[in-house]
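Asks: Sharing a structure, written as structure tokens. Questions coming.
The values are calculated or read from the model by the stated rules, or taken from the named source; none is laboratory data. Treat the numbers as computed from the prediction; the structure is a model and nothing was measured. Methodologically, a virtual Cβ is constructed for each residue, glycine included, from the backbone with ideal geometry; neighbour enumeration extends over all protein chains shown. Remember, those area values only see protein heavy atoms, side chains included, never the ligands or the DNA or RNA. Shrake-Rupley method; radii C 1.70, N 1.55, O 1.52, S 1.80 Å.
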Amino acid sequence: MYPIPPPNSLYKKKLEKTHDMKNRNVWIALLLAASLCSCARQQVVERPRYTARTIDAFEISRIELNKENTVVFLDITTDRESITGFSDSVNLRVGERILPLVDAQGIRFPDRPAGNAHLTDSSRVARLVFPALPQGTESVDLVFNYSAKSAETAFWDIELTPSADDPLRQVPASVREARIAPAATWKEPVFDRQHTRLDIHLLGYHPKMEYVHVVRHGFMPWHEEYAVGEDGIVNVEFDQYVTAAVEIEVGTRSVEIVVDPGEEATLYVDLRALNLRHSPYFPETLSRPVAYYDGKSRADLNRWLLSRQAPLHGDVLFTWNADTPMDAEGYARLCVDMHRKEIETLRQSNTLNAECLRYAELEALTNALERIQRIRANFMDTYGYGKEDSRLPELSADCFRPLKDIGINTYDLLLLNTDVVNSAFFHYCSSADDVKAVFGEAYLADLFNSTRHCFQRFNNKLPLREEEMSVMRGCSPKITALCEKIYTEENKAWKAHLAKPGYRICEVPSVQDSSVLERILEKYRGRVVFVDFWGTACVPCVRAIKEMHPLKAEYKDKPVSFVFITSETAAPEEKWLQMIPEFGGDHYRLSRKQYKSLTKRFNIQFVPYYLLVDKQGNVVYQRTGFMGCPTLKDLLDKEVAK
């Protein structure tokens, strides 16, 4: 065996260097492992995206996820110290799982089911702590309040990990990629009775978005609530007599389109784009359409409305040189001058086709009207006057007279949401003659008559009566002819509506005390009776009746009766008659005294309120608030089987 010679100095240095490298590699590996462990324990999501929201007082700035808890950071965007719409059950939701609030810093929530939240930190940043989310959670809902009467106060579908699912794939490429035709020309309003259908697809639909509101503005205003299908699709149908602006409200956001009578269109609403464009955190969404329109009429105009960032006119609140004296007449002339400059700028921009340009000009007209209505606010801002300062000008109908010279009295306004005309101008007029004295004979006087005399009839889908027609026959020939057609057709449709099968208006017993219920139930002896106390203006009542409507068909040949009880106070007769043919069942409209005796007997504080009566006439179940169709079916089946 040969002895191992000692290493020479060069070899020794190389060996020491090797050991140093091994030690360094070990430390790097340990640091990397520690880092990975830390990453595994904590995930930070900065400014997460969400699909929808029903509160604008906050922005979610950051969410921290770790093994111990989930922390949500909120930037308070309101300047108020107290915010309405909260409860004592703030929580995160993952599917059906609810994670309650553990701690809150910077904000104090109410200790009762409904109340105000109060800010407690001058930094206007809140920190909410919840239990840790289940591993692999991709999205979550942040719920501040739940109400059976209204939508939740919430952020829905907050994205914790980037989703590969793009809702826009549901939009046909031909619709998504359609461009606005540069040569599209303006089309006047259409006057013609036709049946209109809109299929609304809510892209990124969340199950909590159970309903949408559809509002038709203009000459024949009307609104309706529609249930959203499980596929996120809403089918809207109505009879229409004249072109109108139609607004689709989803939560606290809405889109607006122009619809001609007889239109058959599909509207794809991008809920995420619609909601994120209202947040200062996501300015890039301003260039993204909030919806995509596929229709045969006014397609170019609607594509422009759905893709533009904002209306093109200026602000209605403005100031001028405080050293310049001003009176009401001079202010009105200033508003007209501002309007003319806006129109000149629009026409010189060469970015809009003729159809979109005309629409923008109409918006500028209503903007000028609103500027005049804001005369006192703008005087206060310019001169520093207080609200009670005697130097503030008084607003009257005459203040709007200069607008006559800029063409505001046009039937083209039918295409716009003209609520501002009612609030800004009609408020100062007592009759159509006052309107004519300012603007002459044309659309605004006709709109005034419709708003003052026909609004409730149109809005409640009731036919015009002779008393409304006596006023509307004094309108312009175009509108008079339209109203004559509405009067004839809708009264004919009303009679057909009341003649629908499947429901009964039942005679109310003459007794005035709570025994009225026993007298009603006498005719149902041997049958199970589901009694529904409701009112025509009660949204949860109407929703529940519509929801249970398919269930009635299942018990058509079984000993089950559905009885609906309301009162003269809770259900105005015509509105009641308009609604019940769609509901089916047996209907009783009690006197105020009769109904009050029943509410006292059963301690009914709120409606809807339900009773289940067995075959012998005994009340075996009672409840406030709809129990849901599955529970109702179980209750009915149990009693039927006895």
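Asks: Can you tell me which residues in segment 191-219 are assigned to a loop (DSSP other than H, G, I, E, B) and open to solvent by 30 Å² or more (accessible area, probe 1.4 Å)?
Replies: So the first thing to find is which residues in segment 191-219 are assigned to a loop (DSSP other than H, G, I, E, B), and the list is 204-210, 217-219.
Within segment 191-219, 205, 207, 208, 210 meet the criteria.
Asks: All but one of (1) open to solvent by less than 50 Å² (accessible area, probe 1.4 Å); (2) in contact with a Lys or Arg (Cβ under 7 Å, 6 or more places away or on another chain) hold for residue 153; which doesn't?
Replies: (2)
Conditions tested, residue by residue: (1) among the aliphatic types (A, V, I, L, M); (2) touching a residue at least 24 places away in the same chain (Cβ under 8 Å).
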site	(1), (2)
397	yes, yes
402	no, yes
406	yes, yes
425	no, yes
438	yes, yes
448	no, no
473	no, no
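Asks: Another question, then. Across segment 46-68, which residue is nearest to the chain's Cα centre (by Cα) among those that are outside any strand (DSSP E or B) and crowded, with 16+ Cβ neighbours inside 10 Å?
Replies: Let us first name the residues in segment 46-68 that are outside any strand (DSSP E or B), namely 47-51, 54-57, 67-68.
Still in the running and crowded, with 16+ Cβ neighbours inside 10 Å: 48-51, 54-55, 57.
Working: 48: 23, 49: 20, 50: 17, 51: 14, 54: 9, 55: 12, 57: 17 Å.
Looking at the filtered set, the residue picked out is 54.
Asks: Which numbered condition trips up residue 157, out of (1) at negative phi; (2) in a strand (DSSP E or B)?
Replies: Of everything listed in (1) at negative phi; (2) in a strand (DSSP E or B), residue 157 misses just condition (1).
Asks: Which condition from (1) farther than 28 Å from residue 324 by Cβ; (2) outside any loop (DSSP other than H, G, I, E, B) is the one that residue 417 breaks?
Replies: For residue 417, the failing item is (2).
Asks: So residue 305 fits all but one of (1) at pLDDT below 95; (2) part of a helix (DSSP H, G or I); (3) buried (at least 17 other Cβ atoms within 10 Å of the Cβ); what number is the exception?
Replies: (1)
Asks: Please enumerate the residues belonging to segment 230-261 that are in a strand (DSSP E or B), closer than 13 Å to residue 210 by Cα and in contact (Cβ under 8 Å) with a residue 40 or more places away in the chain. I'd like the intermediate steps shown before the answer.
Replies: Filtering segment 230-261 down to residues in a strand (DSSP E or B) leaves 233-242, 244-250, 253-259.
Subset that is closer than 13 Å to residue 210 by Cα: 233-234, 249-250.
Across segment 230-261, the qualifying residue is only 250.
Asks: Between a residue in segment 522-551 that is on the phi > 0 side of the Ramachandran plot and any residue that is not in a helix (DSSP H, G or I), which pairs come within a Cβ distance under 6 Å, given they are 6 or more apart or on different chains?
Replies: 526/615
Asks: Of the conditions (1) modelled with pLDDT of 95 or more; (2) open to solvent by 10 Å² or more (accessible area, probe 1.4 Å); (3) not in a strand (DSSP E or B), residue 113 fails just one. Which one is it?
Replies: (1)
Asks: Using beta carbons and a limit of 7 Å, which pairs, at least six apart or on different chains, have the first residue in segment 581-601 and without any contact (Cβ under 8 Å) to a residue 40 or more places away in the chain and the second one surrounded by fewer than 19 Cβ atoms within 10 Å (Cβ to Cβ)?
Replies: 592/568; 592/569
Asks: Being more than 15 Å from residue 361 (Cα to Cα) and either within 32 Å of the chain's Cα centre (by Cα) or among the polar types (S, T, N, Q) (or both) is the filter here; which residues of segment 324-350 pass it?
Replies: Hit for segment 324-350 is 324, nothing else.
Asks: For segment 178-190, check the following and say yes or no: at least one residue is outside any loop (DSSP other than H, G, I, E, B), touching a residue at least 40 places away in the same chain (Cβ under 8 Å) and of a type in the set (A, V, I, L, M, F, W, C). Outline the logic, then answer.
Replies: Within segment 178-190, the first condition is being outside any loop (DSSP other than H, G, I, E, B), and the residues that meet it are none.
Looking for residues that are outside any loop (DSSP other than H, G, I, E, B), touching a residue at least 40 places away in the same chain (Cβ under 8 Å) and of a type in the set (A, V, I, L, M, F, W, C), one finds none in segment 178-190, hence no.
Asks: Moving on to the next point. Being more than 25 Å from the chain's Cα centre (by Cα) and on the phi < 0 side of the Ramachandran plot is true for just one of 302, 321. Which residue is that? So that I can check it myself, show each step before the final result.
Replies: Values: 302 fails: more than 25 Å from the chain's Cα centre (by Cα).
Residue meeting the stated conditions: 321.
Asks: Just to be sure, is residue 456 open to solvent by 60 Å² or more (accessible area, probe 1.4 Å), touching a residue at least 40 places away in the same chain (Cβ under 8 Å) and polar (S, T, N, Q)? Write out each step before concluding.
Replies: Values: open to solvent by 60 Å² or more (accessible area, probe 1.4 Å): yes; touching a residue at least 40 places away in the same chain (Cβ under 8 Å): no; polar (S, T, N, Q): yes.
For residue 456, the condition - open to solvent by 60 Å² or more (accessible area, probe 1.4 Å), touching a residue at least 40 places away in the same chain (Cβ under 8 Å) and polar (S, T, N, Q) - is not met.
Asks: Could you list, in sequence order, all residues of segment 543-568 that are open to solvent by less than 20 Å² (accessible area, probe 1.4 Å) and outside any strand (DSSP E or B)? So that I can check it myself, show each step before the final result.
Replies: So the first thing to find is which residues in segment 543-568 are open to solvent by less than 20 Å² (accessible area, probe 1.4 Å), and the list is 544-545, 548, 551, 555, 560-567.
The answer is 544, 545, 548, 551, 555.
Asks: Can you go through 71, 140, 90 and tell me which one is open to solvent by less than 20 Å² (accessible area, probe 1.4 Å) and in contact with an Asp or Glu (Cβ under 6 Å, 6 or more places away or on another chain)? Steps first, answer last, please.
Replies: Details: 140 fails: in contact with an Asp or Glu (Cβ under 6 Å, 6 or more places away or on another chain); 90 fails: in contact with an Asp or Glu (Cβ under 6 Å, 6 or more places away or on another chain).
That would be 71, the only listed residue that is open to solvent by less than 20 Å² (accessible area, probe 1.4 Å) and in contact with an Asp or Glu (Cβ under 6 Å, 6 or more places away or on another chain).
Asks: Tally time: how many residues in segment 403-428 are within 30 Å of the chain's Cα centre (by Cα), surrounded by fewer than 21 Cβ atoms within 10 Å (Cβ to Cβ) and closer than 19 Å to residue 475 by Cα?
Replies: The number of residues fulfilling the criteria is 5.
Asks: Since residue 535 meets every condition but one in (1) over 28 Å from residue 228 (Cα atoms); (2) part of a loop (DSSP other than H, G, I, E, B), which condition does it not meet?
Replies: (1)
Asks: Does residue 298 satisfy the condition of being open to solvent by 60 Å² or more (accessible area, probe 1.4 Å) and of a type in the set (D, E, K, R)?
Replies: Working: open to solvent by 60 Å² or more (accessible area, probe 1.4 Å): no; of a type in the set (D, E, K, R): yes.
No: the conditions fail for residue 298.
Asks: Against the condition over 27 Å from residue 223 (Cβ atoms) and among the small types (Gly, Ala, Ser), how does residue 591 come out, does it pass?
Replies: yes
Asks: Let me ask another. Does any residue of segment 429-452 turn out to be surrounded by fewer than 17 Cβ atoms within 10 Å (Cβ to Cβ) and touching a Leu at 6+ places or on another chain (Cβ under 8 Å)?
Replies: Within segment 429-452, none of the residues are surrounded by fewer than 17 Cβ atoms within 10 Å (Cβ to Cβ) and touching a Leu at 6+ places or on another chain (Cβ under 8 Å).
Asks: If I ask for residues that are over 18 Å from residue 170 (Cα atoms), hydrophobic (A, V, I, L, M, F, W, C), surrounded by 14 or more Cβ atoms within 10 Å (Cβ to Cβ) and out of contact with any Cys (no Cβ under 9 Å at 6 or more places or on another chain), which ones from segment 220-243 would you list?
Replies: Within segment 220-243, the subset over 18 Å from residue 170 (Cα atoms) is 220-227, 236-243.
Add one more test, that the residue is hydrophobic (A, V, I, L, M, F, W, C), and what stays is 220, 222, 227, 236, 238, 242.
Of the ones still in play, those that are also surrounded by 14 or more Cβ atoms within 10 Å (Cβ to Cβ) are 220, 222, 236, 238, 242.
Answer for segment 220-243, where residues must be over 18 Å from residue 170 (Cα atoms), hydrophobic (A, V, I, L, M, F, W, C), surrounded by 14 or more Cβ atoms within 10 Å (Cβ to Cβ) and out of contact with any Cys (no Cβ under 9 Å at 6 or more places or on another chain): 222, 236, 238, 242.
Asks: Could you say which residue among 523, 492 is more than 36 Å from the chain's Cα centre (by Cα), outside any loop (DSSP other than H, G, I, E, B) and basic (Lys, Arg)? Steps first, please.
Replies: Working: 492 fails: more than 36 Å from the chain's Cα centre (by Cα).
Checking each option against the conditions leaves just 523.
Asks: On to the next question. Being assigned to a loop (DSSP other than H, G, I, E, B), exposed (fewer than 14 other Cβ atoms within 10 Å of the Cβ) and touching a residue at least 12 places away in the same chain (Cβ under 8 Å) narrows it down to one residue among 461, 500; which is it? Don't jump to the end; show me each part of the working.
Replies: Values: 461 fails: exposed (fewer than 14 other Cβ atoms within 10 Å of the Cβ).
Testing whether each residue is assigned to a loop (DSSP other than H, G, I, E, B), exposed (fewer than 14 other Cβ atoms within 10 Å of the Cβ) and touching a residue at least 12 places away in the same chain (Cβ under 8 Å) leaves just 500.
Asks: Looking at segment 329-343 only, could you name the residues that are among the aliphatic types (A, V, I, L, M) and open to solvent by less than 30 Å² (accessible area, probe 1.4 Å)?
Replies: 332, 336, 343
Asks: Just name the residue that is modelled with the highest pLDDT out of those in segment 74-87 that are in a loop (DSSP other than H, G, I, E, B) and open to solvent by 60 Å² or more (accessible area, probe 1.4 Å).
Replies: Narrowing segment 74-87 to residues in a loop (DSSP other than H, G, I, E, B): 77-81, 87.
Subset that is open to solvent by 60 Å² or more (accessible area, probe 1.4 Å): 77, 79-81.
Working: 77: 91, 79: 86, 80: 86, 81: 86.
Step by step, filter segment 74-87, then rank; the result is 77.
Asks: Of the conditions (1) over 30 Å from residue 556 (Cα atoms); (2) open to solvent by 10 Å² or more (accessible area, probe 1.4 Å), residue 486 clears all except one; give me its number.
Replies: (2)
Asks: Working carefully through the options 366, 351, find the one that is closer than 18 Å to residue 407 by Cβ and among the β-branched types (Val, Ile, Thr).
Replies: Numbers: 351 fails: closer than 18 Å to residue 407 by Cβ.
Result of the check over 366, 351: 366.
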